[in-house]
Amino acid sequence: MNYKNLFVGIDIGGTKISIVFFKNKKIIKKIRIKTNNIFGPKNIDTIIKILIDYKDNIREIGIATTGIIKDGIWSVLNKKTLGDFKEFPIVNYIKKRINKPVFAMGDTQAAALGELKYGSGKNLKNFFYITVSTGVGGSIIINNKLINEKESIVGQFGHMVIKKGGKICGCGRRGCIEAYASGIALEKELKKIKKNNITLKQMFINYKNSAWSKKIIDEGTTVIAEGIVNIYTVLGIKNFVIGGSIGLSNIFFLKLVKNIKKITKNEIFLTRAKLKSDSEVYGCLVRSLNK
């Protein structure tokens, strides 16, 4: 790859890490690796080893990650997603080893920015972005701006308590949406019904019409639907952009729409994230260009 002056967007999720190279706002290369979900910061050394080979071509690096980012410091929110750690200096750690400008932000914040500029939010003044994947997250766009960009905890939809005294969440609270509707939570349900040999992907593709899969999907989407109606009630936001590998699944998305209609007669509009798995890295690009 002989391109110069590249921007690199990196999305660190609970299952995979995407390293995406941009030239003039266009993706020219993608590298995907599996996430080490035992101890999150170990993933950074793996990323650095990859980036070193492209060091001379890079102008800036943007990180979008699950967890909490504040002033370049990374802490876990759900210990079951990326292990138990806090206050890892992710920005300075990479900057010292690559010697390039680096910034970091929450993954759903980045995804919301990406969809605002290049995706399903281009024509929406206000919307709430929700990702349903390994975890469940969210971020808020008001008047075409990300709310509280410096506080990645803001808009954490997955950690809204929806059932008092409910299932324990990896964040330590009980009854969070993430404890019922995340990929981790859905996998637990598969194990409960002795479907250990079936992955979530297989369930959505090959077993979507089975009674047991319909029950799992209905329970997960019902919890998210309740959360969406709560957001609408509090903020008055009618438009929701849904992303994440699970959220983008056709059967999950359509069931979510149906369950919202069961809860409220108010008009709430859902649309899929146009950028799909690239929403986060495009959001990093947006932040870089807007400096």
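The values are calculated or read from the model by the stated rules, or taken from the named source; none is laboratory data. What you see is a predicted model, and the numbers here were worked out from it, not measured in a lab. A quick note on method: Cβ atoms are made from the backbone with ideal geometry, for glycine too, and the neighbour counts reach across all protein chains shown.
Note on the stretch 163-197: among residues that are of a type in the set (A, V, I, L, M) and surrounded by fewer than 18 Cβ atoms within 10 Å (Cβ to Cβ), the one that is modelled with the lowest pLDDT is ILE193. Checked against the criterion of being of a type in the set (S, T, N, Q) and farther than 24 Å from THR108 by Cα, the stretch 187-198 contains one or more residues that satisfy it. Could you please let me know if LYS274 is more than 16 Å from LEU200 (Cβ to Cβ), in contact with an Asp or Glu (Cβ under 8 Å, 6 or more places away or on another chain), among the basic types (Lys, Arg) and assigned to a loop (DSSP other than H, G, I, E, B)? So LYS274 passes the test. Just for the stretch 87-133: of the residues that are surrounded by 23 or more Cβ atoms within 10 Å (Cβ to Cβ) and aromatic (Phe, Trp, Tyr), which one is farthest from TYR232 (Cα to Cα)? Among residues in the stretch 87-133 that are surrounded by 23 or more Cβ atoms within 10 Å (Cβ to Cβ) and aromatic (Phe, Trp, Tyr), the one farthest from TYR232 (Cα to Cα) is TYR129.
Conditions (1) among the hydrophobic types (A, V, I, L, M, F, W, C); (2) within 21 Å of LEU113 (Cβ to Cβ), marked per residue:
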{"residue": "GLY40", "(1), (2)": "no, no"}
{"residue": "ASP45", "(1), (2)": "no, no"}
{"residue": "ASP53", "(1), (2)": "no, no"}
{"residue": "ILE58", "(1), (2)": "yes, yes"}
{"residue": "VAL76", "(1), (2)": "yes, no"}
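Which members of the stretch 143-162 meet the condition of being at pLDDT 90 or above and surrounded by 15 or more Cβ atoms within 10 Å (Cβ to Cβ)?
So in the stretch 143-162, the residues at pLDDT 90 or above come out as 143-146, 157-162.
Residues satisfying the conditions are LEU146, PHE157, GLY158, HIS159, MET160, VAL161, ILE162.
Taken together, the residues in the stretch 51-68 that are exposed (fewer than 15 other Cβ atoms within 10 Å of the Cβ) and β-branched (Val, Ile, Thr) amount to 1. At least 1 residues being free of Cβ contacts under 8 Å to residues at least 24 places away in the same chain and outside the structural domain of THR131 (by TED's automatic domain parsing) is the threshold, and among the strands (runs of 3 or more DSSP E) wholly inside the stretch 1-42 those reaching it are 16-23, 26-34. Give the residue, chosen from LYS86, LYS80, LYS100, that is in the same structural domain as LYS23 (by TED's automatic domain parsing), modelled with pLDDT under 95, touching a helix residue (DSSP H, G or I) at 6+ places or on another chain (Cβ under 9 Å) and not in a strand (DSSP E or B). The match here is LYS80. Residue count for the stretch 185-219 under the criterion of being outside any loop (DSSP other than H, G, I, E, B) and either of a type outside the set (A, V, I, L, M) or not assigned by TED's automatic domain parsing to the domain that holds LYS255 (or both): the result is 15. Applying the criterion of being touching a Leu at 6+ places or on another chain (Cβ under 6 Å) and closer than 22 Å to GLY119 by Cβ to the residues of the stretch 15-38, the residue that is surrounded by the most Cβ atoms within 10 Å (Cβ to Cβ) is PHE22.
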